[in-house]
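One structure is given here, and the rest of the page talks about it.
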């Protein structure tokens, strides 16, 4: 599951890490609070990057699509 970083209201650190969204929904996640924050920061840095291709994984070219383009 992927959480929308814009909807994170707060993160509680009990023995478990609990992410609370603005809707009130709570999710227990495996990552620590620091890891969640770092992942949000990296994601937003990618959004602001000068190279928008960094947001997507490289596409694999199949031999079928290559044969059609010839």
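The values are calculated or read from the model by the stated rules, or taken from the named source; none is laboratory data. The structure presented is a predicted model; accordingly, all values stated were derived computationally and were not measured. Cβ atoms come from the backbone with ideal geometry, glycine included; neighbour counts cover every protein chain shown.
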Completion exercise
If you go through 31, 35, the only one that is outside any loop (DSSP other than H, G, I, E, B), modelled with pLDDT of 95 or more and surrounded by 11 or more Cβ atoms within 10 Å (Cβ to Cβ) is 35
Handout entry: Filtered residues of the range 1-21 (kept if closer than 19 Å to residue 43 by Cα and assigned to a loop (DSSP other than H, G, I, E, B))
Key = 1, 2, 3, 4
